[in-house]
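Quick notes on the structure that follows.
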Amino acid sequence: MQLTSVGEAHDELDFEILGNEESRPIRLNTNIFIDGYGNREKTVHLSWFDPTADFHNYTLLWNHRQIVFFVDEVPVRVMRKVDGKSYPATRPMWLQASLWNGEPWAMDTDQKKINWAYGPFRAYFKDFKVDGCPVDGEGSDLASCSSPEYWWNAERYWKLDEAQQMAYEHVLEHYQTADYCIDRPHPPECGL
């Protein structure tokens, strides 16, 4: 699932569920593109539950202070806005959900290939809900998206609350397996 804008210098927020190999936990990869540049990936093992056994809530909270990726109300990734640092612009975006062949990128080694005999592959969605700032196709009315009239701009959503922060730290300590801020040279927003 992703939110994405239009154009080469697009912004994008991605939830990507990777793998279903027996004896290995399924991974959740998140990525953030800013002005067309991605490689801001963070990955967690979803070993505290089986994401294929039932429906789960995958939520994005995005406001002018932070972006939070949640799984069943547990924060699994946070990007805070820092003045002068890269942060997705407020521009018109749309939501996409798809299944795609991530084989050349998402597999651990070049030797692992998708077994197409297991197809067709399907994804199911339930209780789908979108809260967003309505804008025209040109985005000329984007300034209103920072309005306090929208629930996500309320001060209580500017940072994680104490329980969310504790849950997030638990995910980082026990389940995070990849972090672009640690694994390779990174953009200036790292270190937050």
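The values are calculated or read from the model by the stated rules, or taken from the named source; none is laboratory data. Fair warning: this is a prediction, and the values are worked out from it, not measured in the lab. Note that we place each Cβ from the backbone using ideal geometry, even for glycine, and neighbour counts take in every protein chain shown. Please note that ligands, DNA and RNA were not included when accessible areas were found on the heavy atoms of the full protein model with its side chains. Shrake-Rupley method; radii C 1.70, N 1.55, O 1.52, S 1.80 Å.
Taking packing as the residue-averaged number of other Cβ atoms within 10 angstrom, the listed peptides 146-155, 52-61, 31-40, 117-126 run from highest to lowest as 31-40, 52-61, 146-155, 117-126. Spacing of the modelled spin labels on Tyr124 and Asp35, each 7 Å from Cα toward Cβ, amounts to 4.4 nm. Computed on the chain, with alpha-carbon pairs under 8 angstrom and 6+ residues apart, the relative contact order is 24 percent. Placing +1 on the Cβ of every Lys and Arg and -1 on the Cβ of every Asp and Glu, with nothing else charged, gives the chain a dipole about its Cα centre of roughly 160 debye. Give me the distance between the Cα centres of the stretch 53-67 and the stretch 71-95, rounded to whole Å. Taking the Cα centre of each part, the stretch 53-67 and the stretch 71-95 sit 10 Å apart.
Against the longest principal axis of the chain, how steep is helix 162-174, in degrees 0 to 90 to the nearest 10, with axes from Cα atoms? For helix 162-174, the angle is close to 30 degrees. Protection proxy ranking of 42-50, 127-135, 177-185, by the mean of other Cβ atoms within 10 Å over each peptide's residues and highest first, is 42-50, 177-185, 127-135.
For the chain, the solvent-accessible area with a 1.4 angstrom probe is 63 square angstrom per residue. Surface composition of the chain: carbon plus sulfur atoms contribute 51% of the solvent-accessible area (1.4 Å probe, protein chains only, all chains present). Relative contact order of the stretch 1-87, taken over Cα pairs closer than 8 Å and 6 or more residues apart, is 17 percent.
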